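Quick one: the structure is below, questions incoming.
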Amino acid sequence: MSEVFEGKKVLVCGMARSGQAAALVLRQLGADVTATDLREEISWDYDPVAEGIKCRLGQAPDEFVGEFELVIISPGISVYAPFVKAAEALGIAVWGEAELAYRLCPCPMIAITGTNGKTTVTTLVGEIVKRHNAGTVIAGNIGIPLTGLVTGLTPENIVVAEISSFQLETISAFRPKISAVLNMTEDHLDRHLTMENYIAAKARIFENQGQKDICVLNYDNDITREMKPHGRVVYFSARDTLESFSEGVFLREGRIFAKVDGNGEIPILSIEETKVMPENALAATALSLCAGVAPSFIADVLREFQGVTHRLEYVTTIDGTEYYNDSKATNTDAAIKALEAFDKSNRPIVLIGGGYDKNTDFTPWVGAMGKVARLILIGQTAAQIAKTCDAAGFSSYEKADSLQAAVLRAKEVSNAGDVVLFSPACASFDMFKNFEERGELFKQFVNA
C-alpha cells in the first residue's frame, strides 16, 4: 500500500493515541504528513521532528485544510466541525483512523460495535479466536490504535477490533469479514444529535459487506433486530430460541446452544459456568463460531474469562464491604446492567454516579435503583440526576464535590455486606481524560 501514500499531502487531526499512530504510519509509508491539534503541548509517543512529521499545533485547521489531499480525523473530532465540512466541500477525502487501518490491513477483520458490551465482547472474542489462530490480535477503540498494529500483520493473522460510532462516521471502503452490532440504546446524542443519526452510524459497520460476509445481531434488541445487512445474518438471543432461523445462538433452560453452518444444535455450556453476562457470552459465541472456532475452545474461554478492567471490576473488600469499579459504564444502559448484575446477591448498594453530560435521559437508570441504599452524585450531571430522582420519588441521594470525596462518603454510609459500586452512567470528560483514568483513580482512592 506504500505507493498509494508516497508523496501524498496528508493532514492528521487530533494527536491522541490513534492520531499519533496514524501520523507515524503514514510518514513511514512515504506521505508528506502534517499533524495538528487544538492543544499547543502534546505528550508524544515519539519525536515527530525526527520522524519527519510537520506540526501545526494550537489552532483549528479551518484556514489551511485546503492545502491537503487527504484528511485523517481522530474519533474525538465531530464530522460537523467546520474544517471537516470545508474539506468535504473541496472534494478532499476525510477518513477516520479505522478507515485508514482497514486499507492497510492484510488479513481478515472481525469488527464489533454496539452501545454496550463492545470492550468485553471484543476482548472475549479475541481470546477465544486465539485458541484457533495464535496470530489473532485485539485492537481498535480498546486502548491499542488499530493503525499502529496492522502494518506488522500478514494475511495469516486475524484482527478482532472494537469500533465506535465515531469511527464508523468516517468510513468509506471499510469492510470487515465478520461484523456485529451488539445492541442499540440512547447514547452520544451530544455528538450524533439524533437517535436516527446514531443508529445510522452504527449500521455503517456492515454497509460494505457482501453476500459472503457475516453480520451478528442481537435479536432481543428492537433496533438491531430490524437492521438489514447485505450478507449472512446470525442472531443471538437470551429470550428466544430462534426456531424460525436456520442459524443462531440462544439460551434454553440456562444453557447456551448454537446452530451455525448447518451443523444442527450444538450445546456450548451452562450460563452458570461463566462469569460473563449472558448477552455478551451469546454474542462472543456467535462471532467465534462464525470465525470457525471449535465449540470446545469457546466453552473453555467462557469458563476461564475473568472480565475486563473498568467493567464490573472487583477492587477489594474493606470492613466487609465489596468495592467494584465500573467506570466503563458511560451510559445509562450500561449502568442499569451493572445494577442487574447484583440482583441475585440481594445486597444493598451504595452507588456512585454522574459525570459528563451527553444529553441523556436518566429516568430509566433511576427507575432501576430498587436496591440502591444510597446514591452519591458527582460531576456535571449531578444536579440533573438529582432532579430526576426527585421526580421519581427517590430521595436517598446526596452530592459530593469530587470522586475522592464520594469514595470517602461511600465508606461512611456503607455497612458490612454492602456493595459500593462506581457506575457513573456518564462519560468522564468533565473531570477526567477518559474512563480509564477515572477508573484508576477510583481504585486508588479505595485502596488508600
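How would you classify region 35-106 from its alpha-carbon gyration tensor, with a ≥ b ≥ c the square roots of the eigenvalues: rounded for a/c under 1.5, else prolate if a/b is greater than b/c, otherwise oblate?
oblate
With +1 on each Lys and Arg Cβ and -1 on each Asp and Glu Cβ, how big is the dipole of the chain about its Cα centre, in debye rounded to the nearest 20?
460 debye
Another one. Using the Karplus curve 6.51 cos²θ - 1.76 cosθ + 1.60 with θ = phi - 60°, work out ³J(HN,Hα) for each residue of region 259-274 in order, rounded to whole Hz, and write x for Gly and Pro.
9, 9, 6, x, 8, x, 6, 10, x, 9, 5, 6, 5, 6, 7, 10
Here's another thing I want to ask about it. Sum -39500 (n - 2.57) across every DSSP H segment of at least 4 residues in the chain, then divide by the residue count to get the 222 nm mean residue ellipticity, nearest 500.
About -9000 deg cm²/dmol.
Decide, for region 272-416, between rounded, prolate and oblate: order the square roots of the alpha carbon gyration tensor eigenvalues as a ≥ b ≥ c, take rounded if a/c falls under 1.5, and otherwise choose prolate if a/b is larger than b/c, else oblate.
prolate
Could you work out how much longer the chain between residue 359 and residue 40 gets when fully extended? Use 0.36 nm per residue separation minus the Cα distance between them, nm to one decimal.
Here the answer is 111.9 nm.
Of the peptides 375-382, 328-335, how do they stack up when ordered by the mean number of other Cβ atoms within 10 Å, highest first?
Top to bottom by mean Cβ count within 10 Å: 328-335, 375-382.
Kindly rank 28-35, 413-420 from highest to lowest mean number of other beta carbons found within 10 Å of each residue.
Output ranking for 28-35, 413-420: 28-35, 413-420.
Let me ask you something else. Under a 5 Å amide H to amide H cut-off, with H placed in plane at 1.01 Å, what residues pair with residue 116 once short-range neighbours are removed?
Hits under the 5 Å cutoff: 183.
Over the chain, what is the percentage of antiparallel beta bridges among all DSSP beta bridges, to the nearest 5?
20 percent
Quick one: Karplus J couplings for region 227-236, per residue in order, coefficients 6.51, -1.76, 1.60, θ = phi - 60°, nearest Hz, x for Gly and Pro?
3J(HN,Hα) across region 227-236, in whole Hz: 5, 10, x, 7, x, 6, 10, 10, 8, 10.
Once amide H atoms are built 1.01 Å from N in the peptide plane, which residues 5 or more positions from residue 111, or in another chain, come under 5 Å H to H?
161, 178, 179, 180
Still on this structure, please answer the following. Hey, with R₀ at 30 Å, roughly what FRET efficiency would residue 195 and residue 391 work out to, going by the Cβ-Cβ distance, to 0.05?
Efficiency, from the Cβ-Cβ distance: 0.85.
By accessible area of protein heavy atoms, probe 1.4 Å, what ranking do 105, 426 get, highest first?
105, 426
Using the Karplus curve 6.51 cos²θ - 1.76 cosθ + 1.60 with θ = phi - 60°, what ³J(HN,Hα) values do you get for each residue of region 237-254, in whole Hz, with x for Gly and Pro?
Taking θ as phi minus 60°, the curve returns 8, 9, 10, 10, 7, 6, 5, 7, 10, 6, 10, x, 10, 8, 9, 9, 6, x Hz for region 237-254.
Also, I was wondering about something else. If the cut-off is a Cα-Cα distance under 25 Å, which lysines reach residue 337, setting aside same-chain residues fewer than 8 apart in sequence?
Residue 337 reaches 118, 202, 275, 328, 358, 371, 387, 399, 411, 433, 443.
The values are calculated or read from the model by the stated rules, or taken from the named source; none is laboratory data. Since the structure is predicted, the reported quantities are computational estimates derived from the model, not experimental observations. Glycine gets a Cβ as well: all are built from the backbone with ideal geometry, and neighbour counts include every protein chain shown. Accessible surface areas use protein heavy atoms only, side chains included; no ligands, DNA or RNA. Shrake-Rupley method; radii C 1.70, N 1.55, O 1.52, S 1.80 Å.
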